[in-house]
Amino acid sequence: MSEVVTYNREGAIGVITVNYPPVNALGHAVRSGLVAALEQGQHDADAKALLLVCEGRTFIAGADIREFGKPMQEPGLTSVIDQYENSDKPIVAAIHGTALGGGLETALGCHYRVALSSAKVGLPEVKLGLLPGAGGTQRLPRLTGARKALEMITSGEFVSARDALALGIVDAVEDGSDIKAVGLAYAQKVADEGKPVRRVRDLTDKVEADKGSEVFDQFRAGLEKKARGLFSPFKCVDAVQAAFNLPFDEGMKRERELFMECMDSPHRGGLIHSFFAEREVSKVKGLSKDTPVRDVNSVGIIGAGTMGGGIAMNFANVGIPVTIVEVKQEALDKGLGIIRKNYENSASKGRITQQQVEERMALISGSLTYDAFRDVDLVIEAVFENMAIKKEIFGKLDEVCKPGAILASNTSTLDIDEIASATKRPEDVVGMHFFSPANVMKLLENVRGSKTSDEVKATVMAVAKKIKKVGVLVGNCHGFVGNRMLHKRGAEAMALVNEGASPQQVDKVLTDLGYPMGQFAMSDLAGIDVGYRIREERRNAGEDVAPSWMDKLVEMNRLGQKTQAGVYKYEEGSRKPIPDPDVDQLIAEFRKEQGITPREISDQEILERCMYVMINEGAKILEEGIADRSLDIDVVWIYGYGFPAYRGGPMFWADQVGLDTILSTVKNFHDTLGGQQWKPAALLEKLVSEGRKFGDL
Ligand code: T1G
C-alpha cells in the first residue's frame, strides 16, 4: 500500500486520502497510490460512495512540476482520472486550499465536488508555458461554457469557491475548516439519496450552446496584445475549441497533441525555471533558516516622493503602520495626496474597496521631525541619490532610533558600507532597493553591507515576503545586481546610437526579445535626469565618463515622460513613445561634433551588444559573490525589469544561447570595441572550458 495515498472506510463511505507534502502534487507515487486506493474502494462492498480528500495545507495543487522533462512513469494522470470517472460508485472530491492544474482536473474526473469557502480552484498551466493536459480543456467547458473556461485557462487565474459554485465547477461550498468532515457529510448525502455516477464528460448542454461560437476567434484576437510573444495561450484556445468541435475522446487526443507542442516549446523551460527560481531566492545561501527574525510592526520612511510614497503603500497594504517624514509640510501633503490618489485609482478600478482606501490611509501618518521614528522597528530612507545627504540622515537616525531598529536605504546604486559608516550600528544597516513604481514592481533587492548581521538579512527577507515582494539578497557594489547590469546595457545602447543606430531601432530589438520597454523608452519613464545625475556624480568622483547626446537632452529640459519629451515625444496624457526627428537631428549633430561617421548597424549586433554585455557583467557579479546563484540574477531581471519570464531570465537565456557562442562574441567585441565591459569574465571562460552552464553553478 502506498504511504502517500491511503484507503479506509468510514461508515458507508470509502475514503481515499492523499498525504504528500508540501502540496500533494501528483508525482508518480501519488498517481500509483490513487489507482491502488480506488481499486480498494471499488472492491469494498460496504462502501456506497467514495471520498477523495487531502491532508495538509491544500487539495492536490497540480502535476509534480519537478517531474517535467523526465521520462513519464505510468500511470499517466489522464488514465488515473479516467479510472475515477469510470468508477461504478459515485466519487466526491473534497477541496480545501488550492485545487490547481492536475488537481482540479482530478476533481473534475470525480462525480461531485464540495469545497470549503476558503478554497480556490484554477488551471494555471499557462503560467508554466503549458495547457491543462489531463482533460481540463475538455471537462471544464462542459461545466462553465466556452467563455469562462477560456478566461480561466488562458489567464491561469484562480477562482474562489463561491465563484466556482456559481459557475458549476463545484456542487457545494461549506464554511469551516474541517474538509474531511465536510466531505464525509456530502458523500453520505450522495449515498443516502442514491445520486448517480454523473460524469462531466457526458454533459452536453454547454457544448451545444456554444458550438460554433465567435468567442474563440475573439479570444485569439484579444491574446494578440495580451500574450505578445507567448506560445501556450493560443494553444489553450485551440484545445478548448476542440471540446466544442469534437467528441470527448477525440477532444482529449487533440488536447494531448497541443499539450506536447507546449511541452516542446522553449517557453516551458523558461517559465518553469522562473517558477522555481522565484521560490529558491528566498533560501539565502549561508543563512540558516532558523536565523532569528525581528518583528517589524511599524515602519518609518524618509521622503514622501514617488519612491517613498510607493514604499509606504506596500506596508499599509498589509496592515503595518507607516510614518513618513519630510522636510517641508507641503512636500508631505503632496506625497500623502499622491498616495490617496493611487488608492482611489485602484478603488475606481474595483481592485480595492473604498473602505480599504480609508483603512490604509489611516495607517499612513506624516511628520516633520525624526522624533516620529523613536519607536519604529524599521526605517527606510528614500531620498536623493546623494551620498552626503544619506550619511547625514543615517547619522541622525542612529541617534534617534531605538536599539535594534533596522536602518535601510532605498538607494539604487550607492555604497551601503559607506552609508553604514555614518552610524554606530553598521550591523543594523542594510539596503532595501525597491523598483519604481514601488507599490507595483514585485522585486525587492535587499543589499547586505559587509557588517550587516544575519538577523537583519533574515528580517528584510521576511519583510519582502510579508509585503508580497520577491526579495533577493545581493552583495554591495555600485548598482548591486540589477542596475550594475542595466548600466552596462545602457552604455552599450548609447554607444550603438552614437555609431549609427537610432534609439527606436535599439528599443525594438529589446522589445522583440520580450522586454516590456526598450532602453530609451525606459529612460524616458524613469526620467533622463536620473542617469544624467549618476553620470555627473561619477564625473565629480573623477571617473572618465564620455559625453553623451542624452546629456544634451537634459540641458534642453527634455527629461522624458514628465516633460512630454525626452528621447521620444509624448502626446498630452499619453505614454506612447513617438520617435522625434528633432532628436535624430540632435544625434546627427552630436556624431559630427564627436567626429563619428554613422554606419548601418544590424539588429543582431544590437542584440548581442546589449545582451552579452549584461551576461558578461552577470558572470563577474557571480565571480565576486555579489549574487550567490545565477537564478538570483534571473529573478532580479524578471521581477525588477520585466525580462520575459518565458525566457527564464538573462542567465538562463544565455545558457540556451550557448556560453561558447557568447564567449567568442564577447572576445570579438573586446578586440574590436575595447573597454573593461568586454573583458571576458573569468567565470564565463571557465564554464565554457568545462562545458558547463550558469545553471550548473
Ligand atoms: N509541483 C512541485 N512542487 C510544487 C508545486 C508543484 N506543482 N507547487 C508548489 N510546489 C512546491 C514549491 O516549489 C515549494 O517548494 C512548496 O511547494 C510551496 O510552494 C497535468 C501539467 C500551490 C499556490 O502550477 O501556484 O498540473 O520551496 O512556496 O506560496 O494539466 O505553489 O518549499 O521546496 O509556492 O503557499 C499546475 C503551482 C502544475 C501550481 C502554493 N499547478 N504552485 O503557494 O507555496 S502543471 C501549478 C503554486 C499541471 C496538468 C498540468 C503554489 C501554490 P519548497 P509555494 P504558496
Expected unfolding gain across Ala181-Ser602 under the 0.36 nm per residue rule, minus the alpha-carbon gap, is 144.9 nm
Proximal charge balance of Ala107 [Cβ under 10 Å; K/R count +1, D/E count -1]: +1
With a cut-off of 8 Å between alpha carbons and a minimum separation of six or more residues, what is the relative contact order of segment 516-585 in percent? 29 percent
Kirkwood Rh over alpha-carbon pairs of segment 474-625 plugged into Stokes-Einstein at 10 °C, 1.306 mPa s gives a D in µm²/s of 99 µm²/s
Please express the Cα-Cα pair-distance distribution P(r) of segment 299-481 as a list of whole percents, one per 10 Å bin, running from 0 to the bin with the greatest distance. 10, 41, 37, 11, 1
Go through Lys206/Lys469; Lys562/Lys667; Lys334/Lys391; Lys226/Lys442; Lys569/Lys679; Lys457/Lys620 and tell me which ones have a Cα-Cα distance over 29 Å in this structure. Lys206/Lys469; Lys562/Lys667; Lys569/Lys679
If R0 = 51 Å, then Lys285 and Phe384, at their Cβ-Cβ distance, give a FRET efficiency to the nearest 0.05 of 0.95
Let me have the 222 nm mean residue ellipticity of the chain computed from DSSP H runs of 4+ only, each contributing -39500 (n - 2.57), with the sum over all residues rounded to the nearest 500. -15500 deg cm²/dmol
Arrange Val318, Val207 by Cβ neighbour counts within 10 Å, fewest through most, would you? Val318, Val207
Quick P(r) readout (the chain; Cα-Cα; 10 Å bins; whole %) gives 3, 13, 20, 22, 20, 13, 6, 2, 0, 0
Can you compute log10 of I(q)/I(0) for segment 68-174 with the Debye formula, treating each Cα as one identical point scatterer, at q = 0.16, 0.18, 0.22, 0.24 Å⁻¹? -0.67, -0.84, -1.22, -1.39
Extension reserve of the Lys195-Glu208 stretch, reckoned as 0.36 nm per residue once the Cα distance is removed: 2.2 nm
Efficiency of FRET from Cβ geometry, Gln594 and Thr672, R₀ 25 Å, rounded to 0.05: 0.85
Excluding the sites themselves, what is the longest stretch of the chain that contains no GluC sites (Glu not before Pro) in a DSSP loop with at most 11 other C-beta atoms within 10 Å? 215-542
Sequence-separation-based contact order of the chain, relative, with Cα cut under 8 Å and 6+ spacing, percent: 9 percent
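Based on the Kirkwood radius over alpha-carbon pairs, what is the Stokes-Einstein translational diffusion coefficient of segment 5-263 at 37 °C with 0.692 mPa s viscosity, in µm²/s?
Result for D is 181 µm²/s.
What FRET efficiency comes out for the pair Ala682/Glu39, r = Cβ-Cβ distance, R0 = 60 Å, nearest 0.05? Kindly include the intermediate steps, with their values, before the conclusion.
Details: r = 59 Å, r/R0 = 0.98.
Step by step, r from the Cβ atoms, then E = 0.55.
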Take the alpha-carbon positions of segment 1-97, form their convex hull, and give its projected area averaged over all directions (one quarter of the hull surface) in nm². 5.9 nm²
Proxy reagent accessibility, fewest Cβ within 10 Å first, across His267, His478: His478, His267
Net charge (Lys, Arg +1; Asp, Glu -1) of residues whose beta-carbon lies under 15 Å from that of Glu624, Glu624 excluded, is +2
Could you let me know the centre-to-centre spacing of segment 624-697 and segment 68-144, using Cα atoms, in angstrom? 39 Å
Report, please, the projected area of segment 257-300 averaged over directions, based on the convex hull of its C-alpha atoms, in nm². 6.1 nm²
Sorting Met263, Met72, Met651 on the 10 Å Cβ count, fewest up front, what's the list? Met72, Met263, Met651
Over segment 372-483, relative contact order from alpha-carbon pairs under 8 Å, at least 6 apart, %: 23 percent
Taking max minus min of the Cα coordinates of segment 257-380 on each principal axis, largest first, gives extents in Å of 62, 42, 23
Extended-chain gain in nm, criterion 0.36 nm per residue less alpha-carbon gap, Lys562 and Ala12: 191.0 nm
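Coordinate-derived values only; no laboratory data. Keep in mind the model is a prediction, meaning the values are calculated, not measured. Here Cβ is always computed from backbone atoms with ideal geometry, including for glycine, and neighbour counts include all displayed protein chains.
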